[in-house]
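To start, the structure itself, in structure tokens.
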Amino acid sequence: MGHLPISTSNLYPLPEPRPGHRFVPVKVGATNDTSVIVLIEDPTWCSEDHVDELVRDLSDIMHRGAVASVHVPTFGYGAYPVQMHSWVEADPVAKEPEFRAAHVTIQDAGGNDYCHLTPAMAEKLADDAIGFASELRHQARTARLANKQTSESDPDMDESLRRVQGGAL
């Protein structure tokens with residue numbers, strides 16, 4: 001079987017992406033069977049796999065970075081786990097300029113509440129979290145010292161002291 005001749009005169013080179021961006025494939029369509037793959041300009045911080053997640057329209061594409069999380073452990077029973085997740089996000093077609101711009105999104109453990117922060121707001125929260133971490137270390141040290149003081153008593157000495165105080169010795 002013969003091959004069709006390939007003409008390069010009708011091919012157009014891709015433009016260069018803007019600084020901080022790259023071209024990535026995106027799957028667009030109503031269903032996987034009717035979807036097409038197109039190239040979009042994607043921020044380099046975006047970690048979304050735009051082919052893995054089918055979008056109906058190009059306007060449905062969101063850019064999201066890698067997720068950072070903090071999980072608070074507990075030894076209690078029935079306690080609701082405390083978690084907080086954050087990532088960089090941008091919605092290229094949002095009406096509000098703050099949502100179009102790259103910003104930090106914070107999500108609670110239940111996934112129901114979101115906070116959107118400008119870079120300045122995120123830096124302020126980071127400073128507050130550092131202060132909170134310092135207070136948390138102080139509280140842990142206080143609890144450790146309190147436990148050490150109570151655990152250093154000797155049970156035999158405690159019984160002897162009780163007898164002396166009760167007049168048994």
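Each peptide in 129-139, 115-125 was scored by the mean count of other Cβ atoms within 10 Å over its residues; highest first, the order is 115-125, 129-139. Shape of region 64-122 from the C-alpha gyration tensor: prolate (a/c of 1.5 or more and a/b above b/c, with a ≥ b ≥ c the square roots of its eigenvalues). Sequentially through region 30-40, phi angles give Karplus couplings (6.51, -1.76, 1.60; θ = phi - 60°) of 6, 9, 4, 5, 10, 7, 10, 9, 10, 9, 10 Hz, Gly and Pro residues having no value and appearing as x. If you take every residue apart from ALA30 with its C-beta less than 13 Å away from the C-beta of ALA30, what net charge results, scoring Lys and Arg +1 and Asp and Glu -1? Once all neighbours under 13 Å are counted, the net charge is -1.
Backbone phi angles across region 82-91, fed through the Karplus curve with coefficients 6.51, -1.76 and 1.60 (θ = phi - 60°), yield HN-Hα couplings of 9, 9, 9, 10, 9, 7, 8, 8, 8, 10 Hz in residue order; Gly and Pro are listed as x.
Values in this text are rule-based calculations from the coordinates and carry no lab data. Only a predicted model underlies this, so the values are computations on that prediction, with no experimental measurement involved. Glycine gets a Cβ as well: all are built from the backbone with ideal geometry, and neighbour counts include every protein chain shown.
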